[in-house]
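Rule-based calculations on the coordinates, nothing more; no lab input. Everything quoted here is computed from the prediction, not taken from an experiment. Virtual Cβ from ideal backbone geometry, glycine too; neighbours counted across all protein chains shown.
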Amino acid sequence: MPPLREDPRRRLLTRHPGNPILTAFDWPYFVNTVFNAGATRLPSGETLLLVRVEDCTGHSHLCAARSADGITGWRIDPHPTFIPDIEGHPEELWGVEDCRIVWVDELESFAITYTAYSQRGPCVSLALTKDFRTFDRMGMTMPPEDKDAALLPRRFGGRWVMIHRPVPAAGRAHIWMSYSPDLKHWGDPKVVLKARRGAWWDANKIGLSPPMLETPEGWLMMYHGVRMTPAGCIYRLGLALMDLEDPTRCVMRSTKWIMGPEAEYERTGDVGDVVFPCGFTMDPDGDTMYLYYGAADTSIALATGSVREMLGWLQENSTPGDPED
Ligand code: BMA
């Protein structure tokens, strides 16, 4: 591996030496690529990844992989776990992708938001599960084009909140939040984090990466910035802190990215120069984050970091609130 460009004194995330931890060659059936996995820790203490698997039609489904330490010894479902339901949900015609998993106490279920790839473009769908074997589909929550969605784990003022990223016909693609009384009817949308402009690493298009993490200082949001260059897009990761009581209010936002494609497996693959986390788990120490990310749309990699250090770093490397237009 070539030497990394990041300043080691500023490194917030440490790549696992065994990266990539999961590839298509680990799969019990023939697939093209495995990437962009949702993640959670089960009551048993096991780590579960709900992996985006692309087959050789180009369409994706989701497949569960379980491991005791979240790094090795993955037990992968022998068959696809969650496949498009084209009859019941025609919006899933071209596959299901990039899920985010959130445990919701009130529902005693995991809420899975995922991209349904419809004939009209990608849209956001929601399903509930207790065991990652049977799933209760709630259907489409946001029409196309919209993706990179996650539910917040509890209600605010009696309403559910979903983070999502619509793409407007003109202009920049920002991160939004919408509300619902029943997880079915969504409205009252608000822009909560704007894509910057010009030469910024997160100009023009941003999106939520994993679900937000509740900390005593606020909701820690990891988001991706898409830098469009003549050679293609570069997907990098940055941080924002949202207000604990009003998560639509941005308190701080990083000026710099905290992780970008550097390693060979991040720079080269079906889509090069992509690091794309969709999930994390927290160590029982309450501070160490295991961040799972898709690398170059080809494999799954792991990076670990301290949430306390991320929050400290954000104080030093942020602008207050969200930048003006
Ligand atoms: C985004 C999503 C991700 C993908 C990334 C890079 O728009 O479609 O699934 O990892 O592009 O190709």
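Just to confirm my numbers, what's the Cα centroid distance between the range 246-325 and the range 43-96 in Å? Result: 22 Å between the Cα centres.
Counted by Cβ distance under 10 Å from Phe35, the other residues give a net charge of -4, where Lys and Arg count +1 and Asp and Glu count -1. Here the chain carries DSSP beta bridges of which approximately 95% are antiparallel, counting only pairs with both residues inside. Counting 0.36 nm for each residue step from Arg133 to Ser44 and taking away their Cα separation leaves a gain of 30.5 nm.
Rounded to 0.05, the FRET efficiency of the Arg159 and Arg308 pair, given R0 = 51 Å and the Cβ-Cβ distance, is 0.95.
Would you work out if the chain is rounded, prolate or oblate? Take a ≥ b ≥ c from the square roots of the eigenvalues of the alpha-carbon gyration tensor; rounded if a/c is under 1.5, else prolate when a/b is larger than b/c, oblate otherwise. All intermediate terms of the calculation are to be shown ahead of the outcome.
On the way: a/c = 1.26, a/b = 1.06, b/c = 1.18.
It comes out rounded by the Cα gyration axes.
Restricting attention to the range 229-297, which GluC sites (Glu not before Pro) occupy a DSSP loop and are surrounded by at most 14 other Cβ atoms within 10 Å? Spell out each step's value before the answer.
Working: sites: Glu245, Glu262, Glu264, Glu266; in loops: Glu245, Glu262.
Answer by residue number: Glu245.
For Lys256, the lysines whose Cα falls under 19 Å of its own Cα, not counting residues fewer than eight places away in the same chain, are Lys194, Lys205. Along the axis of the charge dipole computed for the chain (Cβ charges of +1 for Lys and Arg, -1 for Asp and Glu, origin at the Cα centre), the listed residues Ile258, Tyr293, Leu107 are led at the positive end by Ile258. Measuring r between the beta carbons of Trp103 and Asp246 and using R0 = 25 Å, the FRET efficiency lands at 0.65.
Filter the chymotrypsin sites (Phe, Trp or Tyr not before Pro) in the range 22-130 down to the DSSP loop ones having no more than 14 other Cβ atoms within 10 Å, then list what survives.
On the way: sites: Phe25, Tyr29, Phe30, Phe35, Trp74, Phe82, Trp94, Trp103, Phe110, Tyr114, Tyr117; in loops: Tyr29, Phe30, Trp74, Trp94.
Answer in residue order: Tyr29, Phe30.
Using a/c under 1.5 as the rounded threshold, could you call the range 150-305 rounded, prolate or oblate? The axes a ≥ b ≥ c are square roots of the C-alpha gyration tensor eigenvalues, and prolate needs a/b larger than b/c, oblate otherwise. Cα axes put the range 150-305 in the oblate bin.
The range 172-234 and the range 123-140 have Cα centres lying 22 Å from one another. Once both labels are positioned 7 Å from their Cα atoms along Cα-to-Cβ, the gap between Cys56 and Glu316 label points is 5.1 nm. Distance between the modelled labels on Ile86 and Trp200, one decimal in nanometres: 4.1 nm (7 Å Cα→Cβ projection). About the centre of its Cα atoms, the chain shows a dipole size close to 680 debye [charges on the beta carbon of Lys, Arg (+1) and Asp, Glu (-1) only; nearest 20 debye]. Label-to-label distance, Phe25 versus Lys190, with points set 7 angstrom from Cα along the beta-carbon direction: 4.9 nm.
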